1. Can you name the condition, by its number, that PHE128 falls short on among (1) modelled with pLDDT under 65; (2) surrounded by fewer than 19 Cβ atoms within 10 Å (Cβ to Cβ)?
2. Under 9 Å between Cβ atoms, which residue pairs at least 6 apart in sequence (or on different chains) link something in region 283-302 that is under 21 Å from ARG239 (Cα atoms) and free of Cβ contacts under 8 Å to residues at least 12 places away in the same chain with a partner that is part of a helix (DSSP H, G or I) and not small (Gly, Ala, Ser)?
3. What are the pairs with Cβ atoms under 7 angstrom where one residue, in region 306-333, is farther than 24 Å from MET59 by Cβ and small (Gly, Ala, Ser) and the other, located anywhere, is assigned to a helix (DSSP H, G or I) and at pLDDT 90 or above? Sequence gap at least six, or different chains.
4. Restricting attention to region 359-377, which residues are hydrophobic (A, V, I, L, M, F, W, C) and over 16 Å from PHE278 (Cβ atoms)?
5. In region 249-321, which helices (runs of 4 or more DSSP H) lie fully inside it and hold 3 or more residues that are modelled with pLDDT of 75 or more and under 24 Å from ALA154 (Cα atoms)?
6. Taking the condition outside any helix (DSSP H, G or I) and either out of contact with any His (no Cβ under 6 Å at 6 or more places or on another chain) or modelled with pLDDT under 95 (or both), does VAL338 pass?
7. What are the pairs with Cβ atoms under 8 angstrom where one residue, in region 66-86, is assigned to a helix (DSSP H, G or I) and the other, located anywhere, is modelled with pLDDT under 75 and of a type in the set (Ser, Thr, Tyr)? Sequence gap at least six, or different chains.
8. For GLY171, indicate whether it is over 30 Å from ALA378 (Cβ atoms), at pLDDT below 95 and over 37 Å from the mean Cα position of the chain (by Cα).
Amino acid sequence: MVWNRFGLVSLGAVTAVLLAACTGGAEPAPSSAGSADGTPSAGATPLGSVDLPQAQSEMPSPVELPFARYFRAGNLLLDGGAGLNLPQRSEWYGNWQGSIAACMKDAGFTYYPVEYEFTHPDPWMQTFYLGDTLPFPWLPDTLEETERVGYGVATTRQLQGENEPQEYQAGPNEEYQESLSEAARREYDLALQGWHDYPPGEIDPNNCVDRASAQFPEPAGPDLSFLTPLYGMLELFSRARPGEPSMGVTIGLDGTVTQSPVPLEMMAPSSGVTPIFFEPEAEALQEEYSQCMLASDSAAALAAFGATERVEPETVFSLARYTAPDGSRFEFPAGRAVSDEDIPEEQRSLLASPPEIALAVDDFKCRQQTDYLNRWIAVTVAAEERYLAEHRQEVQKVEAAIEQLDPSLLVG
């Protein structure tokens, strides 16, 4: 995905691009994850198969959406302001680490300076969503590919946006500490940070970290109040109409529908904007899709899942996830809450099994019949461009901050 440095993608340009596609975006990278015990169940496809894509709960947008560059910039700026004045911060960090190393040498210890490294924030921990995905699951570009892979494969951890556990790699400073005796390690900690046991008691102010910080103070971070318009942008993705209680509708693992408080960014809009989900074109599209799915071969399974009136692509994706390779779903015990850990892995993962593929195929056909992808992008682009035009004065402040960022960091 390319960052448009000088302007926003126009609706006309989007339409021209979209005419070539019916349902999908680029196929994601194959999954390298394995199943819970390393072996798939009968009828399931191995999670480690190299020719199967990893399932994604959101569709990567095939075009650059107007808000995307603003959200990417906001995430970088909110990461401690690390995206601003990178050379200055790198120089400060190098001096700070060098001062710590020299101080520790005087104390009779070895300390290896840590190099400054700017990294993109973890996409699952960002304050703002990236803005370059659409709120429905990924599907392949063609019916033939959907019949082969369905939604793809993914473990519960991947579907929840958690990284697979990684083997811990100790750094040189930790290896050096491990080589010390317990008494020497205590003296090392006192020299480095002024305390040994946590929580610390009285801290020795003559420690190397504090002395280095006094010698090389950290540059002040920027005033990020100009990012307030980004919170207004988030209101376009609210599931609540203006004036409605800020409650979210959740389809439970057992198919029951409940209401619960929603996160801040999903609260009812306070600025009077109409969320994309309630744009007339979006509501008409969703109604057409619902009717299509309720008339499909998947209607009975959806009804058993509690979806008898309104069906969204996310509903079908969720049903596929909780469908085992033999077509069954986990039987929930009455009167007891159940967490994901209580459900067998094969009944809470996507394995590209035949029942999952059947659901994905019906989803694909209904998206194709309703021109779901193209119409949703058209609604999204129109709403986002309208918001930017109506809030131009506030957005210009964000633009000024973006000019200070390294453009390469804003490429999606």
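1. Only one criterion in (1) modelled with pLDDT under 65; (2) surrounded by fewer than 19 Cβ atoms within 10 Å (Cβ to Cβ) is unmet by PHE128, namely (2).
2. Listed by first residue and then by second, the contacts come to GLU283/PHE277; ALA284/ARG375; GLN291/CYS366.
3. Pairs that qualify, where the first residue is farther than 24 Å from MET59 by Cβ and small (Gly, Ala, Ser) and the partner is assigned to a helix (DSSP H, G or I) and at pLDDT 90 or above, are GLY327/PRO355.
4. LEU359, ALA360, VAL361, PHE364, CYS366, LEU373, ILE377
5. Because the criterion is at least 3 residues that are modelled with pLDDT of 75 or more and under 24 Å from ALA154 (Cα atoms), the helices (runs of 4 or more DSSP H) in region 249-321 that meet it are 299-304, 313-321.
6. yes
7. Going by the 8 Å Cβ cut-off, the qualifying pairs are PHE71/TYR129; GLY74/THR127; ASN75/THR127; LEU78/THR127.
8. Spelling it out, it is not the case that GLY171 is over 30 Å from ALA378 (Cβ atoms), at pLDDT below 95 and over 37 Å from the mean Cα position of the chain (by Cα).
The values are calculated or read from the model by the stated rules, or taken from the named source; none is laboratory data. All figures in this text were calculated on a predicted structure; none of them were measured in a lab. When we count neighbours, we look across all protein chains shown, and the Cβ atoms used for this are built from the backbone with ideal geometry, even at glycine.
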